[in-house]
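Q: The structure that follows is given in the form of structure tokens.
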Amino acid sequence: MNKIRLLSDNTINQIAAGEVIDRPSSAVKELIENSLDANSSKINIYVKNGGKKEIIVSDDGDGIQKNDLKLAITRHATSKLDEENINEISSMGFRGEALPSIGSVSKMIIKSNINENQDGNKIEVTSGNIKTISPINQKKGTTVEIRDLFFSTPARLNFLKSENYETLLIKKIVQRLAICNYKTEFNLFVNGKNVISTKKSDHPNDNENFMKRIRDLLGNDFLDNSIFFDQKVEDFNFKGLLGIPTFHHSNTNNQFLFINKRVIQDKSMNVIFKLAYRDFMSYDRFPQLVVFIDCPTDKLDVNVHPSKNEVRFRNLNLLRSNILKTFKEKLAQAGHKASTVNTTRAVNKFYNKSNFQTFIELKEENIQESTSENLNVIQENESSNDENEENFFPLGYAKSQFHKTYIVSEIRNGIVIVDQHAAHERLVYEKLKKDFYEKKIQTQILLIPVVIDLDPNVVEGLKNFINSADNYGVKLEVFGKKSILVREVPSILANCNIKKLVMDLVEEITEINEPKSLESKINAICSKMACHGSIRAGRELQIDEMNDLLRKMESTPFSGQCNHGRPTYVQLNIEDIEKLFGRK
Ligand code: ADP
Ligand code: MG
């Protein structure tokens with residue numbers, strides 16, 4: 001065995017580089033964070049070959065003094081940490097590791113100037129060895145150039161993916177940092193091409209700066225389909241945009257989370273967001289959102305991960321319940337706001353073509369696009385200067401029903417088409433849930449009890465369930481060895497096929513195993529029941545019944561989408577309709 005000896009600084013740095021800088025995008029992140037810590041107002045990033053060949057980050061910040069240049073590339077040397085207050089970290093960096101790590105595995109040049117009126121200085125490092133320090137003509141600020149990242153650690157180099165993939169990761173991190181620092185100008189150039197560009201924004205109203213940045217980086221769709229919130233709960237400040245439930249996504253890529261101005265990518269937080277939406281989004285879809293959480297520095301630990309992607313909260317349960325509360329409230333306030341099924345696109349389709357074919361295509365598209373992510377929001381009708389304000393309902397007055405499935409209603413500036421089954425299912429679901437929690441489900445005794453034959457094993461297993469079914473307004477009794485009797489059901493379900501309902505419930509119960517939380521059990525059961533109690537597509541409705549449904553939708557939270565996240569109604573504004581007929 002060899003004797004134990006201390007590793008050289010350079011080896012230590014190379015080892016550390018594996019943690020802090022695992023790929024080009026993490027080098028980009030560290031460099032941009034340094035620029036932000038230096039109070040820069042404009043940051044330009046240039047990458048070549050996915051950052052493997054070249055990364056240049058240039059800022060107009062405070063700069064580094066000549067004497068500090070050498071220290072900047074020394075391990076555990078930082079200008080940011082006040083050792084008296086190690087628990088109150090407010091800068092992005094504090095570990096003094098990034099530059100020495102990068103310098104140990106690349107060819108690095110730092111050019112910097114702290115004062116416009118004098119020369120700047122430049123330091124050159126290759127594989128951790130300083131080559132030169134020399135004066136240079138440089139404007140105020142710092143430019144860090146990294147070439148041939150990982151050339152001295154081929155194992156790491158082999159680990160990298162294609163140029164496209166590494167570029168994509170770089171774009172994503174620049175995008176996140178630019179959202180978080182929404183007042184700073186960012187420009188990203190990939191192989192010379194400007195792919196991200198957002199100007200400096202200094203509106204006196206900070207929310208304006210934020211919205212502008214979101215529009216620049218995530219587009220109008222994101223803004224139009226989300227609800228802005230800015231709320232203080234105890235020590236936490238929550239702010240951002242919550243995508244409405246129908247604006248969902250296939251993964252968590254469109255969840256942008258920032259905690260105390262840090263870009264955070266933390267699975268446990270994604271789980272909390274999912275929880276907040278789970279009532280109105282199918283399990284395999286994910287909300288889109290931008291969330292800023294700010295809290296006192298002593299409420300969290302940012303030093304749990306070398307690249308600082310994760311944080312640890314002193315009291316995660318408190319945070320979780322605050323998030324759930326805030327989000328649910330906000331989403332409820334959005335009320336019946338729903339995405340239209342691509343009204344604009346549909347309208348465009350209509351008036352770009354003029355033959356019968358269009359209608360067939362449109363029909364097919366509707367079927368597919370009812371689950372599409374790319375939806376537009378219905379504008380809430382401004383009712384402020386309406387003379388007949390008291391007679392005005394957001395979902396208007398029912399005019400007729402067609403195909404025994406849809407209700408057409410007239411609103412002030414257009415029409416609304418409601419999917420009667422989806423809408424009613426949502427109403428029944430919300431009502432059942434509310435009544436359940438308030439313990440006042442109204443039941444109806446069946447004149448003739450319904451007998452359901454089941455497998456004897458199932459009947460045996462149902463004995464516990466029979467008690468809890470009672471809480472949902474379903475009164476059951478074991479009847480012999482292989483049947484159960486249904487004696488009472490919730491009144492709103494009285495007209496449904498009771499046999500089918502109970503069979504479904506039994507299935508739901510036997511499927512639900514203990515790991516599910518009580519709340520999700522309740523939701524699952526209410527949702528099953530709602531499915532049965534709803535007006536089926538295919539039932540003729542009287543005008544009164546239709547209006548009744550519309551009024552209930554207006555007063556029920558989340559009625560804009562059915563339990564499966566599909567919209568329950570769409571809106572066509574009069575301008576859209578005029579376009580169809582070439583009047584506009
Ligand atoms: P940390 O950011 O954790 O302090 P780094 O290795 O990233 O460690 O940087 C070391 C030091 O170099 C910083 O503390 C800072 O003083 C200086 N520095 C790095 N980049 C810049 C920059 N773009 N502008 C001004 N100073 C910088
Ligand atoms: Mg740093």
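Q: Please give the contour-minus-distance gain from residue 284 to residue 408: 0.36 nm per residue of separation, less the Cα-Cα distance, rounded to one decimal in nm.
A: 41.5 nm
Q: Here's a follow-up. If R₀ is 35 angstrom, what is the calculated FRET efficiency for the pair residue 6 and residue 53, using the beta carbon separation as r and rounding to 0.05?
A: 0.55
Q: Then there is this: Mind checking Rg over Rh on the stretch 98-153, alpha carbons, Kirkwood formula for Rh?
A: Radius of gyration over Kirkwood radius for the stretch 98-153 works out to 1.03.
Q: What dipole magnitude, in Debye to the nearest 20, does the chain give about its Cα centre under +1 on Lys/Arg Cβ and -1 on Asp/Glu Cβ?
A: Using Cβ point charges on Lys, Arg, Asp and Glu, the chain gives about 1500 debye.
Q: Round to a whole angstrom and tell me the spacing of the C-alpha centers of the stretch 212-259 and the stretch 529-584.
A: 26 Å
Q: For residue 66, list the lysines whose Cα falls under 23 Å from its own Cα; do not include residues on the same chain fewer than 8 positions away.
A: 42, 80, 107, 111, 122, 131, 139, 140
Q: Using 0.36 nm times the number of residues separating residue 478 and residue 584, minus their current alpha carbon distance, what extension gain do you get?
A: Length gained between residue 478 and residue 584: 31.5 nm.
Q: How far apart, in nm, are two points set 7 Å out from the Cα along the Cα-to-Cβ line at residue 317 and at residue 503?
A: 4.4 nm
Q: Test of understanding: ordering 160, 188, 99 by Cβ neighbours within 10 Å, fewest first, what list do you get?
A: Sorted ascending by nearby Cβ count, the order is 160, 188, 99.
Q: Please name which of 167, 326, 467 has its Cα lying farthest along the dipole of the chain towards the positive end, using unit charges on Cβ (Lys, Arg +1; Asp, Glu -1) and the Cα centre as origin.
A: Highest projection toward the positive end goes to 167.
Q: Given the stretch 41-109 reduced to its alpha-carbon atoms as identical point scatterers, what log10 I(q)/I(0) does the Debye formula return at q = 0.17, 0.24, 0.27 Å⁻¹?
A: -0.79, -1.25, -1.30
Q: Quick one: length gained pulling residue 233 to residue 261 fully straight, 0.36 nm per residue minus the C-alpha distance?
A: 8.3 nm
Q: Would you order 305, 532 from fewest to most other beta-carbon atoms within 10 Å of each residue's own beta-carbon?
A: Final ranking by Cβ density, sparse to dense: 305, 532.
Q: If you don't mind, another one. Do you know the relative contact order of the chain, to the nearest whole percent, from alpha carbon pairs under 8 angstrom that are 6+ apart?
A: Relative contact order comes out at 12 percent.
Q: At what distance in nm do the modelled label points of residue 195 and residue 159 sit from each other, each positioned 7 Å from its Cα along Cα→Cβ?
A: 2.2 nm
Q: Could I ask something else about it? Using a 7 Å offset from the Cα along the Cα-to-Cβ direction at both residue 85 and residue 168, what is the distance between the two label points in nm, to one decimal?
A: 4.2 nm
Q: Now a separate question. Over the stretch 391-495, what portion of Cα pair distances is larger than 18 Å, expressed as a whole percent?
A: The proportion of pairs with Cα distances above 18 Å equals 63 percent.
Q: Could you compute Rg(Cα) / (2.2 N^0.38 Å) for the chain, with N its residue count?
A: Normalised Rg, Cα atoms only: 1.22.
Q: Along the positive direction of the dipole of the chain (beta-carbon charges: Lys, Arg +1; Asp, Glu -1; about the Cα centre), which of 8, 35, 476 reaches farthest?
A: Highest projection toward the positive end goes to 8.
Values quoted throughout were computed directly from the atomic coordinates according to the rules given, and no laboratory measurement underlies them. Predicted, not measured: the structure shown is a model, and the values here were computed from it. So basically every Cβ, Gly included, is an ideal-geometry build from the backbone, and we count neighbours across all protein chains shown.
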